[in-house]
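The values are calculated or read from the model by the stated rules, or taken from the named source; none is laboratory data. Just so we're clear, the structure is a prediction, and the values are computed from it rather than from any experiment. FYI the Cβ positions are ideal-geometry reconstructions off the backbone, even for glycines, and counts take in every protein chain you see. SASA here: full protein model, heavy atoms, side chains in, ligands and nucleic acids out. Shrake-Rupley method; radii C 1.70, N 1.55, O 1.52, S 1.80 Å.
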Amino acid sequence: MIKNVLIVDDDKDLLVSIKEGLGKYNETFSVFTSDNGLDAIEKLKKNTISLVVTDLKMVPMDGFGLLSHVMENYPDIPVIIITGYSTPEMENLAKKGGAVGYISKPFIIKDLAVKMITTLRKEADGGTLHNVSSGMFLQLVEMEQKTCTIRLEDTSSGRKGVLFFKEGELYDARMNDLQGKDAAYEIFSWEQVVLSIQNVCQVKENKIQSDLQGLILDAMRVKDEKNGAAEELPAAPENIPVIEEVKTEKYDPVSSVRNSIAKNLGDRSGVEDVYLDSSWNGLLSHMSRLGAFFKIGEIKSVFVDTGEPHNFILKKGEETIVISVSPKCPRDKIMHILN
Amino acid sequence: MKELFNDIMCVEGIKGILLFSFHGEVIFKSFLSSVPEDPETRDWALFFDAINKIKESDLIFEDGRIYIRRTELGFLVILMSSFAPVALVRLNCDVLLPSLKPAKTSKGLGRFFKR
C-alpha cells in the first residue's frame, strides 16, 4: 500500500528538491507538500496522511502548532521535525510534544527517506493483507477483541481510510475529511481492500458508540440504495419491534427469542422472522447424532445456508424455533444470544 | 490434501478435519486428538442425504462446535472447541476451498498417451 506523506516547510525551493529527491521512493510513499501549518491542516483534512514531516519556523502557523494539532486530532499520525535552528532544548521540546524523529538541516535526502520508511514500517507491524473482504476481516477483529489501527485502501478506487479498534470495539474512523460513523460507513462500503495492521490504537475516546455488525449492515444498505439495486436484493431486514414483557402464564418461546435478539442487537440484527416449524426437526436430529458421535453434548443451535435469499438459525426445542435471517446478519452474535 | 488444510489445522481450538464425499465416504481425515470412534466405521449416507441442500452450516453443541461447508468434492466437516475463532476458520475456508477441485480427467486422444 502506497502511503501518503505530508512535507511542510516554508522554503519552497527546499520543498521542490525534497519532493524530487523522494521521487525514487514513489512505490513506498507519495509526497504532498505545504508551505505553512494552516495549509498543512487543510491537506490533513482532505487526504489520508500516514506521516507528517515539518519544519519548525513557519508563518502563519509554526511547526510546534502543527505538531500539537496533529497530536490532538490525528494521534496515530507520526511527526518528524526538520529544522535549521536545532538546539538540544528544541529537540527535547519537539519530542515532548510527540515528535517521533528530529533531523537537523542540512540533511541528506536519503537519511530523511530512511527515517520516513522506518517510521512508516511501524504502521504495518501487525502485517499487511491484499485483496481481502473488509467486512469479513473487520468482524474477525471484533471477535478476536483486537486493539489495533487498520489502514485500508479500496482496490477499485484507491481511496484510503483508517479504523481504530480497542479490544475489538470500533472507536473511531477517518477517511479524508470524514470522521467517526460517516467515515466508517464509507470505508465499510469498500468490497476488496488492501489493509495494514498496526498493533496499537492511539485513539482514547469512543466516537462511534455503535455495534460493528450493525454499522457494516447499514453501510451495505446505503451502498445498495446508492446503486439503485435495492429492489433486486433480498429485502432489507425489518425492524424487530421489542415486544413489551407481558405477564402471561404461558411461556412463548418465539417472543422470548425475538425480544432477546431485539434487546441485544436492535434493528440491525438482520432477523426477518421468528417462528416455530417442526419440519426442521428431522434435520436437527440428524445433526444431534453427529454431536453424539463426537461426544460433544447436546445440540444447542444451528446456522444453515441453503443458498436461498435468506438463511436460517435453528434453536432446538419441542418444536424447532426458526429464525429467518438476511445473509449479512451477525450470525455469531445471534447464536451467542440464543445459547 | 493435508497441506491444503494445514492453515485450518493451525487455528487455535481446531480438533479435526474430515472431508466426506456427497455419498458419505471419508475422503480425508485428520485429527489433533483422539476421537471416540473412527468415522470410517460408520455409514454417513443418511446424514449427508439429509444435509444435501446445505451450502454451509455452523452447529453449536454443549461441548464443541462443528462447521460444515459444501465443496466441489463433498462436505468438509471441521470439528472444534466451543471457543475456537470460527470467523477465522470460515475465512480460511473461503481462501482455501477454491483450490479444492476434482482432479481433471484428460479427454480426447490425450488420455491414450501417458507422459
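In a shell of Cβ-Cβ distance under 15 Å around A:Ser30, excluding A:Ser30 itself, what net charge do Lys and Arg (+1) and Asp and Glu (-1) give? Net of charged neighbours comes to +4.
Only bridges with both residues in the stretch B:11-78 count here: give the DSSP antiparallel percent, nearest 5.
100 percent
When a/c reaches 1.5 or more, the comparison of a/b and b/c decides; with that in mind, is the stretch A:5-116 rounded, prolate or oblate per its Cα gyration tensor? The shape class here is rounded. Computed over the protein assembly as shown, the per-residue total of -39500 (n - 2.57) for DSSP H runs of n ≥ 4 gives a 222 nm mean residue ellipticity of -9000 deg cm²/dmol, rounded to 500. Show me you know the interface measure: the accessible area buried between A and B, both chains summed, probe 1.4 Å, in Å² to the nearest 100. The summed interface area works out to 3000 Å².
What does DSSP give for the protein assembly as shown in terms of the percent of beta bridges that are antiparallel, rounded to the nearest 5? In the protein assembly as shown, approximately 80 percent of DSSP beta bridges are antiparallel ones. The simple Förster model, with R0 at 56 Å and r as the Cβ-Cβ distance, assigns B:Lys53 and A:Thr28 a FRET efficiency of 0.65. Residue by residue, the stretch A:78-95 carries 3J(HN,Hα) couplings of x, 10, 10, 9, 10, 8, x, 10, 6, 9, x, 5, 5, 5, 4, 4, 5, 5 Hz when phi is fed to the Karplus relation 6.51 cos²θ - 1.76 cosθ + 1.60 (θ = phi - 60°); x denotes Gly or Pro. Checked against a 24 Å cut-off, the cross-linked pairs A:Lys46/A:Lys110; B:Lys29/B:Lys101; A:Lys160/B:Lys101; A:Lys12/A:Lys57; B:Lys15/B:Lys55 give Cα-Cα distances beyond that limit for A:Lys46/A:Lys110; A:Lys160/B:Lys101.
Solvent exposure of the protein assembly as shown amounts to 51 Å² per residue of accessible area, where only protein heavy atoms count and the probe is 1.4 Å.
Rounded to whole Å, give me the distance from the Cα center of the stretch A:6-63 to that of the stretch A:64-87. Using only Cα atoms to place each centre, the spacing works out to 12 Å. Note on B:Glu40 and A:Arg159: their simple-model spin labels are 5.4 nm apart, each label 7 Å out from Cα toward Cβ. Picking from A:Met143, A:Met71, A:Met287, which is most flexible by a Gaussian network model of chain A using Cα springs under 10 Å? Comparing A:Met143, A:Met71, A:Met287 in the GNM, the peak value goes to A:Met287.
Counting other Cβ atoms within 10 Å, keep those with at most 13, restrict to DSSP loop, and tell me which chymotrypsin sites (Phe, Trp or Tyr not before Pro) in the stretch A:146-178 are left. When the chymotrypsin sites (Phe, Trp or Tyr not before Pro) of the stretch A:146-178 are filtered for loop state and at most 13 Cβ neighbours within 10 Å, nothing remains. What the Cβ-Cβ distance of A:Ile108 and A:Asp62 gives, at R0 = 25 Å and to the nearest 0.05, is a FRET efficiency of 0.50. The angle between the Cα long axis of helix A:37-46 and the main principal axis of chain A comes to about 30°, on a 0 to 90 degree scale.
Only Cα pairs within less than 10 Å get springs; with that Gaussian network setup on chain A, which residue of A:Val322, A:Val200, A:Val114 has the largest fluctuation? Maximum fluctuation in the GNM of chain A, among the listed residues, is at A:Val114. Taking 0.36 nm per residue of separation and subtracting the Cα-Cα distance, full extension of the segment from A:Ser255 to A:Val222 would add 8.9 nm.
Taking the C-alpha atoms only, the angle from helix B:86-96 to the longest principal axis of chain B is near 10 degrees. Each of B:Phe83, A:Ile323, B:Leu97 was scored by the projection of its Cα onto the charge dipole of the protein assembly as shown, and the greatest displacement toward the positive side belongs to B:Leu97; charges sit on the C-beta of Lys, Arg, Asp and Glu.
Provide the packing ranking of A:80-89, A:310-319, i.e. peptides ordered by the mean count of other C-beta atoms within 10 Å per residue, highest first.
Descending mean neighbour count gives A:310-319, A:80-89.
Charged side chains reduced to their Cβ positions (Lys and Arg at +1, Asp and Glu at -1) give the stretch A:258-317 a dipole of some 380 debye around its Cα centre. Seen from A:Lys146, the other residues with C-beta closer than 12 Å to its C-beta sum to a net charge of -3, counting Lys and Arg as +1 and Asp and Glu as -1. Write down the percent of antiparallel bridges among all DSSP beta bridges whose residues are both part of the stretch A:3-123, to the nearest 5. The answer is about 0 percent antiparallel.
Enumerate the residues in the stretch B:24-67 having an amide nitrogen under 19 Å from the point lying 7 Å beyond the Cα of B:Leu4 toward its Cβ. Under 19 Å, as judged by backbone N against the label point of B:Leu4, lie B:24-32, B:55-57, B:67 of the stretch B:24-67. Averaged over the residues of peptide A:283-292, the number of Cβ atoms from other protein chains lying within 10 Å of each residue's Cβ is 5. In terms of the mean number of neighbouring beta-carbon atoms within 10 Å, the peptides A:272-278, A:214-220 order highest first as A:214-220, A:272-278. Take the Cβ atoms of A:Ala292 and A:Asp13, set R0 to 60 Å, and the FRET efficiency comes out at 0.15.
Per-residue mean of foreign Cβ neighbours for B:61-68 is 6 (Cβ atoms of other chains, 10 Å radius). Over all Cα atoms in the protein assembly as shown, the spread is summed up by Rg and Dmax: 27.4, 84 Å. Less than 5 angstrom separates the built amide H of A:Phe32 from those of A:Val5, A:Leu6, A:Ile7, all sequence-distant by 5 or more or on a different chain. Other residues with beta-carbon under 12 Å from the beta-carbon of A:Ala40 carry, at +1 per Lys or Arg and -1 per Asp or Glu, a net charge of -4.
Extension gain for the segment A:Thr306 to A:Asn73, taken as residue separation times 0.36 nm less the Cα-Cα distance, is 79.2 nm to one decimal.
Using only Cα atoms, tell me the angle between helix A:109-121 and the longest principal axis of chain A; keep it within 0 to 90° and round to the nearest 10. Orientation of helix A:109-121: about 20 degrees from the principal axis. Among A:Lys96, A:Lys43, A:Lys146, the largest mean-square fluctuation in a Gaussian network model of chain A (Cα springs under 10 Å) belongs to A:Lys96.
Would you work out if the stretch B:1-93 is rounded, prolate or oblate? Take a ≥ b ≥ c from the square roots of the eigenvalues of the alpha-carbon gyration tensor; rounded if a/c is under 1.5, else prolate when a/b is larger than b/c, oblate otherwise. Rounded.
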